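What follows is a short report on a single structure.
The values are calculated or read from the model by the stated rules, or taken from the named source; none is laboratory data. The structure presented is a predicted model; accordingly, all values stated were derived computationally and were not measured. Cβ sites come from the backbone with ideal geometry, for glycine too, and all protein chains shown count toward neighbours.
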Amino acid sequence: MAFSIKVNGKTHNVDVDGDTALLWVLRDVLGMTGTKFGCGRALCGACTVHLDGAAIRSCITSIDSIGSSEITTIEAVGATAVGARVQKAWLDREVVQCGYCQSGQIMSAAALLASNARPTDSEIDEAMSGNICRCGTYVRIREAIKVAAQGGGQKG
Amino acid sequence: MSPDHNVSSASDPDLDHSVTDLSRRTFLKAGAIAGGGLLLSLRLPFGADESSAAQTASFAPNAFVTIDRDGRIVLTMPYVEMGQGTYTSIPMLIAEELEVELSHVQLAHAPPNEKLYANPLLGIQATGNSNAIRGAWKPLREAGATARTMLVAAAAKRWNVEPASCRAQSGEVLHSATGRKASYGELAADAAGMPVPVNVPLKDHKDFRLIGTRAKRLDTPAKVNGTAVYGIDVRPPGVKIATLAQSPVFGGKVKTVEEAAAREVKGVRQIVRLDDAVAVVADHMGAAKKGLEALVIEWDEGPLAGLTTAAIASELERATLGPGAVAQSLGDTERAMAEAVTKVNAIYQVPFLAHATLEPMNCTVHVRKDVCEVWVGTQALARAQAIAAKTAGLPLDRVVVHNHLIGGGFGRRLDVDGVARAVQIAQQVEGPVKVVWTREEDIQHDMYRPYWFDRLSAGLDGKGMPVAWMHRFAGSSVIARYLPPAFKNGLDPDSTEGAIDLPYELPNVRVEYLRVEPPGIPTAFWRSVGPSHNVFVVESFMDELAAAARQDPVSYRIALLDKTPRAKSVLAVAAEKSGWGQPLPARVGRGVSLQFAFATHMAHVAEVEVSNDGDVRVRRVVCAVDCGAVVNPDTVRAQIESGIMFGITAALYGEITLKRGRVEQDNFDSYQMLRMNEAPTVEVHMVPSSEPPGGMGEAGTSAIVPAVANAIFAATGKRLRKMPVDARLLKRPT
């Protein structure tokens, strides 16, 4: 079946079954491989993208559920002010090790900061505990989120 | 370096250069590169004993440094980046002595060639065992110093001045008396004709500009914007996606497959049957998975259909009733034990563990009539090439392997079973096919950290100090499979690391190992390898001895460390920085561990809180480390933080169990990972040292498990001799 979806501001037409997960459409059909496959069951967060600005797990989001919503992926999140700040903080704090989970971590962090400019530690935990980092970069992710939050210049 | 940092095989540097000189008893050669420029070929020594390399009769270089006429400096080296920062810290060694900035050194990844690029401490082309920096430390600095000396000599000759009156700085040679200068690029061709200096002096540690400073990681920008290409991301033109079901019982075979429903799934192109697996090839992973679910596969489960973890454990237990191969023997343990005032006995066990790299296993292969092309992220490039050639029935030179970034190695990608499997599938597919394991297949068909069973006893004197130490353990030898020549007389250097040559002064020691392979269960290296098991057992038991002697666990250990000042020092620092001895609330405790492994001394103090239900939370970890000279301190810190989280994951959750011959765990709900809300704060204190560097990638992992178990003992009085933590044993008595 044919679907029309809007990804990073551009409309794409894809012909797949309606129950196909957005993750596979992004990676295998559209060739946007920045979004990662980790578990397939929304247990690890590696596949996190934004749906109208909210963080969702693309591995369990079927293509027929998206409609006219706008999808943003790691490839374009840097075009938003919050996304760019998060990416910069990630580099400044040397968060990354193997890097495989970091697309999802950055998407979750950017969605958090977009809705909550100055999150507390427990709010960071709540927003980020769905994202597994097997290299265990959690200490630095937490620091980087705080750095990115401060860079926003807003008081929470 | 290319912006996406996609590592592909570089072509071999021109090895037919004219050798102009030979130095250091065949350690290093200089020559010219085609088009003019300097080439240094060097040999990274085999084994920790560097002098042994000098005895090698023939010269086979395994790393190359070139400086061309444009001043481009390229280092070709065999280690792979998997997040441990090797791509940053290794070039620092060359840049330091060559007097250039880190950004001036470009990296080319070595092509697969076991002979040329063998890891000096593993003897094979592989990145593992925390030894990249250990192996490269001296030879790469020597290479940098040699190149610099030859460039200076070339300039001095050109200007007709004494070399001693010139100096190298920022990629140029300067003659300050006359104000003349020349860039390395201008001098490179002449430098190739200069004699190779013998015994070139290396910088004193106090003069280091780069080594020991915080260097920005070079591989990270592409990893925050989605452009980094991991093995799973490759997309050769026309690639199809396959996923697979392998026999749920190890050693089982495919009996029948009903394919009709799968063929109806939109996007499914082909179903591939193998002896012990079925794969569905499709346009995308969604269709491949859906197709796989639609298959009805009947398996011939084979002889292991009844296998359980309990059966494996009792087999190991039985083995430890008899003597094993003697890994270490000091004094007369039997007699000292007989004469001891107090005896302490304990049995310890650790489970099978999966690697659970976040990038699931995958491999892309295109088999053509007489050539096989492979795209994969591997820690062992030459091994990947060899298995592909063997599986495809092609000579080695007809197999091209493109190596890619690795989404977590941890030892899993030292093995190449996935490459063999992907080639088997690709042999039946027209065009390239990317085989992607589901998380379930990845966990249930891993190669596992071995299950270990340990029997310990100690004899204490009247003051409670250990006079006899007996440790016997049974489990799989990964080395015996992976590197058979290194398994000798019933022993291998990995299985016993962390169990022998303890930092403690113990007069009578006997350590015995029994190799017992679990039937059909493949075992493999797992981050922190042998010590992942031994350090938990030894440091927990040492804590038991302190408790039996009614002594403080830190001061009890310190009393045994007079002959190992580096160990004593890290323990003292960790204790002091952690506030050891200061009061804590009820059901909160501190635990300590001390480790010498991977040539690094490390002490951890873990602070844990145990809920009334028995749930354990690690709140804080203080680590003191003496890893010799530190190349990139931020990387050392990052690796310790990482290792600690990896070890806590194992301590709290890590367990692979078998029932009816099947692995019971299958995804991150049944095989849990530590998450952000559970992560402790970590403090790392580096004890300054000018000793050669120790390994850093794994030490934090093995050392944290006993620290957590000992902290649980301090918090609850309950000694956990089996990992992972069983919360049921820690419930508050009502």
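Quick notes on this structure:
- Number of positions in the range B:668-679 that are over 23 Å from the mean Cα position of the chain (by Cα), more than 7 Å from chain A (Cβ to nearest Cβ) and buried (at least 18 other Cβ atoms within 10 Å of the Cβ): 1
- The set of residues from the range B:396-412 being within 14 Å of chain A (Cβ to nearest Cβ) and either more than 18 Å from residue B:444 (Cβ to Cβ) or among the small types (Gly, Ala, Ser) (or both) comprises B:404, B:405, B:406, B:407, B:408, B:409, B:411.
- Among (1) under 30 Å from residue B:214 (Cα atoms); (2) surrounded by 24 or more Cβ atoms within 10 Å (Cβ to Cβ); (3) over 18 Å from the mean Cα position of the chain (by Cα) - the single one residue B:644 does not satisfy: (3)
- Test: residue B:624 is touching a residue at least 40 places away in the same chain (Cβ under 8 Å), touching a strand residue (DSSP E or B) at 6+ places or on another chain (Cβ under 8 Å) and part of a strand (DSSP E or B): yes
- For the range B:356-446, the helices (runs of 4 or more DSSP H) that sit wholly inside it and include 1 or more residues that are of a type in the set (Gly, Ala, Ser) and either over 22 Å from residue A:28 (Cβ atoms) or assigned by TED's automatic domain parsing to the domain that holds residue B:269 (or both) are B:381-392, B:417-426.
- Only residues that are over 19 Å from residue B:617 (Cβ atoms), in contact (Cβ under 8 Å) with a residue 40 or more places away in the chain and more than 14 Å from chain A (Cβ to nearest Cβ) were counted in the range B:652-667, giving 8.
- When residues in the range B:174-193 are screened for being farther than 19 Å from residue B:141 by Cα and among the aliphatic types (A, V, I, L, M), 5 of them pass.
- Considered as a group, the residues in the range B:503-540 that are among the polar types (S, T, N, Q) and buried (at least 24 other Cβ atoms within 10 Å of the Cβ) include one that is nearest to the chain's Cα centre (by Cα), and that residue is B:528.
- Sole residue being in contact (Cβ under 8 Å) with a residue 40 or more places away in the chain, of a type in the set (Lys, Arg), within 14 Å of another protein chain (Cβ to nearest Cβ) and touching a helix residue (DSSP H, G or I) at 6+ places or on another chain (Cβ under 9 Å), chosen from B:266, B:289: B:289
- Matching residues, the range A:131-156, being closer than 24 Å to residue B:671 by Cα, assigned to a loop (DSSP other than H, G, I, E, B) and either in contact (Cβ under 8 Å) with a residue 40 or more places away in the chain or of a type in the set (S, T, N, Q) (or both): A:131, A:132, A:137
- Matching residues, the range B:25-52, being at pLDDT below 60 and over 23 Å from the mean Cα position of the chain (by Cα): B:25, B:26, B:51, B:52
- Any hit, the range B:598-605, residues being at pLDDT below 95, outside the structural domain of residue B:137 (by TED's automatic domain parsing) and surrounded by 24 or more Cβ atoms within 10 Å (Cβ to Cβ): yes
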